[in-house]
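One structure below.
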Amino acid sequence: MSEKLLDIKNLKVQYKSGNVPVCAVNGIDLSLNKGETLGLVGETGAGKTTTALAILRLLPERTGLIPEGSITFDGQNLLEMSEEDMRTLIRGEKISMIFQDPMTSLNPVMTVGEQIAEAIEYHNSTREGEEKIPVDERVNEVLEMVGIPASRKDEYPHQFSGGMKQRVVIAMALACEPELLIADEPTTALDVTIQAQVLAMMSELRDKLGTAMILITHDLGIVASICDKVAIMYAGKIIEAGSLEDIYVSKEHHPYTVGLFGAIPNLKVETRRLSPIEGLMPDPSELPSGCYFHDRCPHCMEICKHEYPDVYTDGTHSIACHLFTKKGVQEDKDE
Amino acid sequence: MAKLTFKSQKRKENEEFALAYTRGHSMTADIWRRLLRDKSSVVSMGFLCIIFLLAIFANLLFDEALVTAQDYSATNQPPSFEHWFGTDLYGRDIFIRMVFGSRVSLAIGIITMAASMIIGGLLGAIAAYFGGKLDGIIMRVTDMFMAIPETLLALCVVAAMGASAVSLIVAMTVASIPGNCRLVRSTVLGIVDTEYVEAARASGMRNLGIIIKEIIPNSLGPIIVVSTQGIANLMLTASSLSYLGMGIQPPNPEWGAMIAEAREYLRSDPYMCIIPGIVIVLTALSFNLLGDGLRDAMDPRLKD
Amino acid sequence: MVKYTVKRLLLLIPILLGVAFIIFTIMDFTPGDPAIRILGPESSVEAREQLRVELGLNQPFLIRFFEYIKDIVLNLDFGESYRTGNPVFEDVFARVPVSLTLAFSGMVLATVMGLPLGVYSAVKQYSKSDSFLRVASTVLVAMPTFWLAMLLILVFALYLGWLPSGGVTAGWMSYILPTITVGVPYGSKILRMTRSTMLEEIRQDYVRTARAKGVPEKVVIYKHSLQNALLPVITTIGTSFGAIMGGSVIAESVFNMPGLGQLIVLSIEAKDTPCVLACVLLLAFFFAVVMLLVDLFYAFVDPRIKAKYSK
């Protein structure tokens, strides 16, 4: 059943505004099958949003560069497509994106109906006769789908609450039934109670429409509740990836992942205090040598300071850390 | 009339700048360093330095008598080695008249700016800091003043007081107080709302202490920027009023008045009008560019 | 909306009264005796005294102001010109068409020039044409109106002989240079404002949303960004109208056009207080009306404001 939908190989993204390039994404590999949901986890500034924008080729024109890598979607390399094809065939049609802040991601002077219709109309214009989607009906349909009465389509964004706005954004993203939905922290800006509602609705719609999803978040709880796969990013690198079990059940972890879990309160185990990860993420304009995490790592070894670790894999689980690769090396020697 | 529902863009920019600025401005040395990196600011400062030095040391460099001394044997001469900018209809050296005229133009621009910024600024700060009824009254009065186009308001004052340098200064001060009042009000409002003022208040600092330690230093940045560019506008207005005969009276040299005198000779001796005009444009341009540069230097994030 | 418009029209009254009071007060400081100005220096003391009583000049300040306003409201009577002896209303109204034509054509030129070029400059940020427009608009903003007018006369009237150098005898041809004079500097201001607002709007989240759903770049810019950027730009255009009327005082005197601006200058020179007062009041009135239109237009474009008003 698993057919590859998205395959990212060695993707690098740099921002050039001053003299020193800012290395936001430093060679990541990601793959996603049809209908699967991937949780992309990491701190603010780890390069999650940049990765998402790179997939849609929406990086800032002058400053955002992709010096290396490939993004294959449905067998096509997105990085080699023309801008026109990207717009008509991919954006909003096959890949949609939901942005972090619903308050600012809707145009204040257009009705929500118009904004949803827009997503459909511009793709209709490239479709042949019968394939065209009837715009008005579809607008009503998607609004009802996200739980908004279709009668409210002539209202303006300022007449909606935050949670309702995010529903509108979701409706807009799903209007053309995309194959991949990228949700960039879709609930961070919402109240906790609304968060749960919106998430539940999103996973329900995903199941109904069979859409694959990349969920960008820093909330490990959300990931556990709706994702199939998890990738953890740190300083523009994926440091650990695997299935939900690999990350939540397995004993072997990257020290950063251990740190991330340590920073979450656990109600079942009595802990006196949370254990935050000491230090800060490195400055992406001057990345350290070796493993990017080494100066914050409690298990830092000499080799970590000089060499970026290879990826250690165990089934679907992969970890980029010398703790595991080194152990592998030693076992080899022992035999 | 301007009980605008939305702030004008300029005000919005200034407010945003004020806010960004108050969120954490860098040290003076830093600002200076960034300013020196900006080419147009450096060139502007260089040009303004020359103008200021010439204005200040005019007496030492040139004979002041030449400003008004008429020489009918040398009228309407085009620029030459002897007379760099040529001579006017009375045979006076235009360059020397411009040098002495710069004293008048610069003084009028700077004095007016300072006066209107101090008066308008105080009113605006009072309105913002104390709010309530006082704020309402001050704002309604500025609304009324702002319903009168600035040039017209200035003309009225000149009309009532008679044309002279003093009435020119009073007129332009009156005309530009309302704008400055509003600017300072919005800047101070931005600062009063910040957490650090809240914190100062929470830690028991008194009104006066907050005003001296927090509000004045933090609103200084936007005020300096606006004042720099304001001087340019005031110099332009002053020269326009003098051109209309409402400002400095002949034979005193003033840039606008000199161009007015050259009007009759536009066809035969265009240099008489063109050269002083270029000097006015360059001076106003320098103040404007310096203001832009200062703004960027004080808050680098605002630059595109 | 109707309610709001009526409310805003009613609000004009206190503002105009305030304006009248300010101008009346300032002009009251004018030194010299109006009676001497009207009757001439050789007139007898008795005649002057009689005239003062007739004109109500020996009344206290506030009563004079009240009488002045009363006459305007009831009879459209702005008093008599000291200079010509005619009713001020006639002198002033005869000159309104010239001034309004100039101010409106100037504003139209400023908008037609500033808005599209500002958008173009923002869209082509960092390009050569953007740098050129930035430099040109910065220089034009720093140019004194009267000097620009003289340069235009020099080139187009004196050297090329294409256009008249003054007066209004040549029909619309005689409005071309004055319109450029008042329009271009404010067009440059609008250009700068439009550019910076557009640059700001292009970076907004909703623009990214529109791009992400596959909306063509042209629509993103001209529909989404421009519509939002228009709001602050409209305000600038509105406030420029006041400045353009100020600028037309200068343009009218350089180009020798029989408008309100020229009348103001003449009246100030003649210390003709009633006439100055009437002209300034009238211009302030036009300005107030334009600002009212701007506010209404706002409500028309921005649903958020419309909603606020209909409450």
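Every read-out reported here was derived from the displayed coordinates using simple, explicitly stated rules and does not represent laboratory data. All figures in this text were calculated on a predicted structure; none of them were measured in a lab. Because the Cβ atoms are built from the backbone with ideal geometry, glycine has one as well, and the counts that use them run over all protein chains shown.
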(message) Please compute the contact order of chain B in relative form: average sequence separation of alpha-carbon pairs under 8 Å and at least six residues apart, divided by the residue count, as a percent.
(response) 27
(request) Report the one residue of B:161, B:243, C:12 whose Cα lies farthest in the direction of the positive end of the charge dipole of the protein assembly as shown (charges on C-beta: Lys and Arg +1, Asp and Glu -1; origin at the Cα centre). (result) B:161
(request) Apply the Karplus parameterisation 6.51 cos²θ - 1.76 cosθ + 1.60, with θ equal to phi minus 60°, to every residue of region C:234-247 and state each ³J(HN,Hα) to the nearest whole Hz, in sequence, with x for glycine and proline. (result) 4, 4, 4, 4, x, 5, 4, 4, x, 5, 5, 5, x, x
(request) Could you state the orientation-averaged shadow area of the convex hull built on the Cα atoms of region C:97-193, in nm² to one decimal? (result) 6.4
(request) Rounded to whole Hz and in sequence order, give me ³J(HN,Hα) for region C:172-177 from the Karplus expression 6.51 cos²θ - 1.76 cosθ + 1.60, θ = phi - 60°, writing x for Gly and Pro. (result) 5, 4, 6, 8, 4, 5
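Could you give the size of the charge dipole of chain C about its Cα centre, using +1 on the Cβ of each K and R and -1 on the Cβ of each D and E, expressed in debye and rounded to the nearest 20? Write out the running numbers ahead of the final one.
Numbers: 27 positive and 22 negative charges, 444 e Å.
Roughly 2140 debye for chain C.
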(request) Go through C:125, B:280, B:207 and say which Cα lies farthest out towards the positive end of the charge dipole of the protein assembly as shown; charges sit on Cβ, +1 for Lys and Arg, -1 for Asp and Glu. (result) B:207
(request) Over region C:7-100, calculate the relative contact order: mean separation of alpha carbon pairs under 8 Å at least 6 apart, over the residue count, as a percent. (result) 16
(message) Using amide H atoms built in the peptide plane, which far-off residues or other-chain residues are under 5 Å from residue A:37 H to H?
(response) A:213, A:228, A:229
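What list do you get for A:299, A:254 if you sort them by fewest beta carbons within 10 Å? Display every interim value, and only then the final one.
Details: A:299 12, A:254 26.
With the fewest neighbours first, A:299, A:254 line up as A:299, A:254.
How large is the charge dipole for the protein assembly as shown, taken about the Cα centre, if only the Cβ atoms of Lys, Arg (+1) and Asp, Glu (-1) carry charge, to the nearest 20 debye?
Values: 83 positive and 100 negative charges, 325 e Å.
Result for the protein assembly as shown is approximately 1560 debye, rounded to the nearest 20.
Nothing charged except the Cβ atoms of Lys and Arg (+1) and of Asp and Glu (-1): what's the magnitude of the dipole of region C:100-258 about its Cα centre? Round to the nearest 20 debye.
Numbers: 12 positive and 6 negative charges, 125 e Å.
In debye, rounded to 20, region C:100-258 gives about 600.
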(request) Sort out for me the Cα centre separation of region C:55-79 from region A:104-160, rounded to whole Å. (result) 62
(request) With springs connecting C-alpha atoms under 10 Å apart, model chain C as a Gaussian network and identify which of C:221, C:153, C:180 has the largest mean-square fluctuation. (result) C:221
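So which chymotrypsin sites (Phe, Trp or Tyr not before Pro) in region B:74-108 are both in a DSSP loop and have at most 11 other Cβ atoms within 10 Å of their Cβ?
Details: sites: B:81, B:84, B:85, B:90, B:95, B:100; in loops: B:81, B:84, B:85, B:90.
Here the chymotrypsin sites (Phe, Trp or Tyr not before Pro) that fit, given the DSSP loop and packing criteria, are B:81.
With a 10 Å Cβ neighbour count serving as the proxy for reagent exposure, in which order, fewest first, do C:201, A:245, A:240 appear? Provide the component values of the computation, followed by the final result.
Working: C:201 21, A:245 12, A:240 28.
Going from sparsest to densest Cβ surroundings: A:245, C:201, A:240.
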(message) Taking the beta-carbon count within 10 Å as an exposure proxy, list B:255, B:32 from fewest neighbours to most.
(response) B:32, B:255
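Cα convex hull of region B:31-70: mean projected area in nm², to one decimal?
Numbers: hull surface 15.3 nm².
That works out to 3.8 nm².
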(request) In Å and from the alpha-carbon atoms only, list the Rg and Dmax of the protein assembly as shown. (result) 34.4, 132
(request) Express the Stokes-Einstein translational diffusion coefficient of chain B in µm² s⁻¹, to the nearest whole number, given a Kirkwood radius over alpha-carbon pairs, 25 °C and a viscosity of 0.890 mPa s. (result) 116
(request) Would you list which aspartates and glutamates come within 14 Å of residue A:12, measuring only between C-alpha atoms, while excluding same-chain residues fewer than 8 positions from it? (result) A:29, A:68
(request) Amide H neighbours of residue A:27 under 5 Å, at least 5 residues apart or on other chains, H built in the peptide plane: list them. (result) A:11, A:12, A:13
(message) Could you tell me the ratio Rg/Rh of region C:100-258? Both radii from Cα atoms, Rh via Kirkwood.
(response) 1.08
(request) Per residue, how big is the convex hull around the C-alpha atoms of region A:1-150? Give it to me in cubic angstrom, could you? (result) 166
(message) On alpha carbon coordinates alone, what is the Rg over Rh value for region A:94-167, Rh being the Kirkwood radius?
(response) 0.98
(request) Sort largest first and round to whole Å: the equivalent ellipsoid semi-axes of chain A, each the square root of five times a Cα gyration tensor eigenvalue. (result) 37, 23, 19
(message) Just to confirm my numbers, what's the Cα centroid distance between region A:175-225 and region C:115-169 in Å?
(response) 54
(request) Output the relative contact order of chain C, whole-number percent, from Cα pairs under 8 angstrom with separation of 6+ residues. (result) 26
(message) I'm checking a number: the convex hull volume of the Cα atoms of region C:34-116, normalised per residue, in Å³. What is it?
(response) 146
(request) For chain C, just say rounded, prolate or oblate: build the C-alpha gyration tensor, square-root its eigenvalues into a ≥ b ≥ c, call rounded for a/c under 1.5, and beyond that prolate if a/b exceeds b/c, oblate if not. (result) oblate
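Which of the pairs A:34/A:237; A:9/A:48; A:251/A:305; A:229/A:305; C:3/C:223 have their Cα atoms more than 19 Å apart in this structure?
Values: A:34/A:237 24 Å; A:9/A:48 15 Å; A:251/A:305 25 Å; A:229/A:305 30 Å; C:3/C:223 30 Å.
Too far apart for the 19 Å limit: A:34/A:237; A:251/A:305; A:229/A:305; C:3/C:223.
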(request) Report the local net charge at residue C:211: Lys and Arg +1, Asp and Glu -1, summed over other residues whose C-beta lies under 9 Å from its C-beta. (result) +3
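Compute the longest continuous run of chain A that contains no exposed trypsin sites (Lys or Arg not before Pro); treat a site as exposed when its DSSP state is not H, G, I, E or B and it has at most 14 other Cβ atoms within 10 Å. Each step should come with its number before you reach the end.
On the way: sites that count: A:16, A:62, A:127, A:132, A:251, A:268, A:272, A:273.
Here the longest run is A:133-250.
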(request) Rounded to the nearest Å, what's the spacing between the alpha carbon centres of region B:40-114 and region C:203-248? Just the number, please. (result) 44
(request) Calculate one ³J(HN,Hα) per residue across region A:138-154 by plugging θ = phi - 60° into the Karplus curve 6.51 cos²θ - 1.76 cosθ + 1.60, and present them in order as whole Hz with x for glycine and proline. (result) 5, 4, 4, 4, 5, 5, 4, 4, 8, x, 10, x, 4, 5, 8, 5, 8
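Would you please calculate the Kirkwood hydrodynamic radius of region B:182-304 over all C-alpha pairs and express it in Å, rounded to one decimal?
Working: mean 1/r = 0.0568 Å⁻¹.
Hydrodynamic radius (Kirkwood, Cα only) of region B:182-304 equals 17.6 Å.
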(message) At 20 angstrom or more along the helix axis (alpha-carbon based) and mean Kyte-Doolittle of -0.5 or higher, what helices does chain B contain? Whole DSSP H runs only.
(response) B:39-56, B:94-130, B:132-146, B:165-192, B:216-243, B:271-298
(request) Excluding residues on the same chain fewer than 8 positions from residue B:133, give the aspartates and glutamates whose Cα lies under 18 Å from its Cα. (result) B:143
